[in-house]
Amino acid sequence: MRGDLIVKSEAQTLLEAIINSTQDAISVVDAKGIGILINPAYTRLTGLQKDQVIGKSADVDIAEGESVHLQVLHTREAVRNVKMKVGPKRRDVLVNVAPILVGDELKGSVAVIHDISEMRALSDELERARKRIRNLEAKYTFDDILGTSVAMTASVEAAKRAAQTKATVLLRGESGCGKELFAHAIHNASDRKYNQFIRVNCAAIAESLLESELFGYVEGAFSGARKGGKKGLFEEANDGTIFLDEIAELSLNTQAKLLRVLQEREIVRVGGVSPIAVNVRVIAATHVNLEQAISQGKFREDLYYRLNVLPIVIPPLRHRMEDIPLLTQMMVERFNHDFGRSVKEISPEAMERLCDYDWPGNVRELENVIGRAMIQAKYQESTIERSQIDLPERKLAVPQQQKSAGDDPNIRILDDVVREAERSALLRAIAITHDNKTEAAHRLGISIRTLYYKLDRLGMTE
């Protein structure tokens, strides 16, 4: 008999040693819900000492929530992952409680308590970091937009004025001319600059996914929908800016839903019925001729008028050739840093080659050409020569200056003269009216549709 007591005493001592050495907080109550055992990890977590827990009711340590010990004693069923706050420090914890059964007799319950306050703090910090990252996605300002040409200066001034309003902005221009750069700059110059800037490439997301990405969905909206549903990008961008690039790629169905957002300032999640108010500034961009898309039935006319509140045309590089030296100097400095080169200048012959090309890929193509030249340059080279400028033999697409009638080189083809004069008049009107197409058309004495037709015919927009 005495031997059995010694064995039980040793087993109890071993059990207590194990419980005391574990890093998980443990508490044990008897069948009446009175505390009979806690370990040091429990004290560290809750801040409660033995005399504050042992002999006291099981709910003595609860700061927020209901006692899971008492629940388990009542149901005789284990409970897992119950969130609550414990102790005077109100620590966030997850509690797992199981009944202690000896045969069919309930002897009490044991709880293992996991501290999730640090995990929650890390999660909150991660979410704050994600928000900062999303804000930092709008990393460009108007200082990053280089160009002193009349066309570019007019566009920048129009964008700066647009930034001071809450109106929807439509950026128009060819691929590679800097529409996204303008979107970033407008956001960062607005009173929304400390809130979200979310970029959506409407052409890069599958049509089947785009609607749920933009507007979110409710639980059970479709197979595989996340439990509890999901916020859409419009909700994520609330109080901030959403940049819808390649807006012309939206389906007519999605265009109709976007129109509702612009008109009603609310969205309805996929599968839902309740509208959700959103306060979002929309900046849209396209390289497509929207007027032509409307006539072809590919773009809604009512959406066009909602988007076209503040249109800003960004000139292609071939219409601002005088900006090429400034742009290339900036690129040389950046690529010197990126590629470990020491180039200081581009030779006059190389610059002439750059200016004798029509740049269908715009600034993006120029960047690629300069980048290739820098990579091919030797480490000690300080000048980029004409031979290093890798371009196809494609001349600048401007009215021919040397076409002549008869033998007199001073007489130019009349069509060229008219085309050049018309282009100059349009550029001047757009610059003077700060890109207000309606006012520009009025001053030129033509209709707005005629103005867009001429801009398109002369290659001044797409």
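The values are calculated or read from the model by the stated rules, or taken from the named source; none is laboratory data. No experiment lies behind these values; they were computed from the predicted model shown. Positions of Cβ are generated from backbone atoms using ideal geometry, with glycine treated the same way; all protein chains shown enter the neighbour counts. When the accessible area is computed, the model is the full protein with side chains, heavy atoms only, and any ligands, DNA or RNA have been set aside. Shrake-Rupley method; radii C 1.70, N 1.55, O 1.52, S 1.80 Å.
Sticking with the crude label model, points 7 Å out along Cα→Cβ, report the distance from residue 17 to residue 201 in nm, one decimal please.
Placing both labels 7 Å along Cα→Cβ, they lie 6.3 nm apart.
Quick one: accessible surface of residue 70, probe radius 1.4 Å, all protein chains present, in square angstrom to the nearest 10.
My reading of the accessible area for residue 70 is about 70 Å².
Kindly flag which residue pairs out of 166/298; 179/230; 160/227; 160/378; 160/454 have an alpha-carbon separation exceeding 32 Å in this structure.
160/227; 160/378
Taking the full set of protein chains and a 1.4 angstrom probe, give the accessible area of residue 339 in square angstrom, rounded to the nearest 10.
Using a 1.4 Å probe on the heavy atoms, I get roughly 70 Å².
Give me the one-decimal nm value for the distance between modelled label points at residue 391 and residue 139, 7 Å along each residue's Cα-to-Cβ direction.
Those two pseudo-labels are separated by 2.8 nm.
To the nearest 10 Å², what's residue 460's accessible area with a 1.4 Å probe?
10
List the trypsin sites (Lys or Arg not before Pro) in segment 322-353 that DSSP assigns to loop (not H, G, I, E or B) and whose Cβ has at most 15 other Cβ atoms within 10 Å. Which are they?
When the trypsin sites (Lys or Arg not before Pro) of segment 322-353 are filtered for loop state and at most 15 Cβ neighbours within 10 Å, 344 remain.
Can you give the relative contact order of segment 197-273 as a percent, counting alpha carbon pairs under 8 Å and 6+ residues apart?
Over segment 197-273, the number comes to 43 percent.
Ordering 239, 245 by how much accessible area each has at a 1.4 Å probe, largest first, what is the list? Numbers along the way, then the final one.
Working: 239 65, 245 15 Å².
Result, largest first: 239, 245.
Under a plain spin-label model, where a point goes 7 Å from the Cα along Cα-to-Cβ, how far apart in nm are residue 59 and residue 443?
The two pseudo-label positions are separated by 7.7 nm.
As a check on your grasp of the helix formula, calculate [θ] at 222 nm for the chain: sum -39500 (n - 2.57) over DSSP H runs of n ≥ 4, divide by the residue count, round to the nearest 500.
-13000 deg cm²/dmol
Which percent of the Cα-Cα distances in the chain go past 35 Å?
Values: 58816 of 106491 pairs.
When all Cα pairs of the chain are counted, 55 percent exceed 35 Å.
Taking a 1.4 Å probe, which of 319, 184 shows the most accessible area, and what order do the others take after it?
Working: 319 40, 184 5 Å².
The ranking, largest first, comes out as 319, 184.
Peptides 423-429, 265-271: what's the order by average Cβ count within 10 Å, highest mean first?
Averaged packing, sorted descending, gives the order 265-271, 423-429.
In percent, how large is the relative contact order of the chain, given Cα pairs closer than 8 Å and 6 or more residues apart? Walk me through the numbers before you get to the answer.
On the way: 781 pairs, mean separation 55.2, N = 462.
Taking the mean separation of contacting Cα pairs over the length of the chain, I get 12 percent.
Using a cut-off of under 15 Å, list every residue of segment 23-66 whose amide N is near the label point 7 Å from the Cα of residue 75 along the Cα-to-beta-carbon line.
66
Assigning unit charges at the beta carbon (Lys, Arg +1; Asp, Glu -1) and nothing else, what dipole magnitude in debye, to the nearest 20, does the chain show about its Cα centre?
So the dipole magnitude of the chain works out to roughly 900 debye.
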